[in-house]
Amino acid sequence: MNIGIDIDGVIIDFPDRVRVQADWYDCEVFKKNGAKKKDELNIRTRYSWNNEELKRFIDDNFVKLAKESSVIPFAKEVIERLKEDNNKIIIITARGDLAGKQMIEIAKEQLNESNISYDKIYWNVSDKTEICKKEKIDFMIDDYADICEDLIDEKIRTLYFRAKDNRKLEENFYLKEVSNWPEIYRFIKENNKKGAK
């Protein structure tokens, strides 16, 4: 099978660090009253920040937070096992759209240092559905609700790696919510036995 995997929030815990730092920044730097939409992953929408506030937050924090980020528990082990089971691993990420090339270089270094193997990688992707179609992805693993909805609209089976603060989506044949990598492995293994499509 061809398995698509996002980086941030799926392999690396960067979004968790951003959410915590954004809460602090909103309170201490911008002197505001917290998240307006608590189940929103997009920090501009979550806090109703204007463009200047968002840019300041990104400039002050993204590179530092990216460097401090860690690989999510069992991501490496499960990806290795999926490769051993003859699955093709294709990383499809928006990483690089904010704070640019330095964010990509940090992620490359983290993937290399953690020995996370993959067959192909797409950076700075604005339309993951197009890449998923092009690569004939059987399952895409992503943490962003809006992207998951786009994928399932195109009948691409999606594993929604949902953090507790993220918006809840209704599960169906095309969408399964997961919360950790062993759960992902069990689900893909079981569906591989049945035939993914």
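Counting heavy atoms of the protein chains only and a 1.4 Å probe, report the per residue accessible area for the chain as a whole number of Å². Spell out each step's value before the answer.
Numbers: 10210 Å² over 197 residues.
Solvent-accessible surface per residue comes out at 52 Å².
Within segment 1-72, what whole-number % of the accessible surface is contributed by carbon and sulfur, with the 1.4 Å probe and all protein chains included in the calculation?
Details: 1640 of 3520 Å².
Result for segment 1-72: 47 percent of the exposed heavy-atom area is carbon or sulfur.
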- On the accessible surface of segment 87-150, probed at 1.4 Å with all protein chains in place, carbon and sulfur together account for a percent value of 44 percent
- Would you mind checking LYS76/LYS176; LYS67/LYS134; LYS32/LYS67 for any pair whose Cα atoms are more than 25 angstrom apart? LYS67/LYS134; LYS32/LYS67
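Can you tell me the relative contact order of segment 81-171? Whole percent, Cα pairs under 8 Å, sequence separation 6 or more.
Working: 96 pairs, mean separation 21.4, N = 91.
Relative contact order comes out at 24 percent.
Beyond 26 Å between alpha-carbons counts as too far, so tell me which of LYS133/LYS193; LYS55/LYS155; LYS128/LYS189 fall in that bin. Write out the running numbers ahead of the final one.
Working: LYS133/LYS193 22 Å; LYS55/LYS155 35 Å; LYS128/LYS189 23 Å.
From the list (LYS133/LYS193; LYS55/LYS155; LYS128/LYS189), the Cα-Cα distance tops 26 Å for LYS55/LYS155.
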- Task: Starting from the Cα of LYS83, draw a straight line to each of the aspartates and glutamates and keep only those under 19 Å, dropping any in the same chain fewer than 8 residues away.
- Result: ASP6, GLU113, ASP119, GLU135, ASP138, ASP142, GLU183, GLU190
- Note on the structure: Which of CYS148, CYS132, CYS27 fluctuates most in a GNM of the chain (C-alpha springs under 10 Å)? That residue is CYS27
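Rule-of-thumb check for segment 25-70: C-alpha Rg over 2.2 N^0.38 Å? Walk me through the numbers before you get to the answer.
On the way: Rg = 11.0 Å, N = 46, 2.2 N^0.38 = 9.4 Å.
Taking the Cα Rg and dividing by 2.2 N^0.38 Å, one obtains 1.16.
I'd like the GluC sites (Glu not before Pro) in segment 79-135 restricted to DSSP loop residues with at most 12 other Cβ atoms within 10 Å, sorted by number.
none
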- Hey, what did the chain get for relative contact order, percent, Cα under 8 Å, at least 6 apart? 26 percent
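The values are calculated or read from the model by the stated rules, or taken from the named source; none is laboratory data. Note that the structure is a prediction, hence the values are computed from the model and not measured. Neighbour counts are summed over all protein chains in view; Cβ atoms, including those assigned to glycine, are modelled from backbone coordinates with ideal geometry. Note: accessible area is taken over every heavy atom of the protein model, side chains too, but ligands, DNA and RNA are not part of it. Shrake-Rupley method; radii C 1.70, N 1.55, O 1.52, S 1.80 Å.
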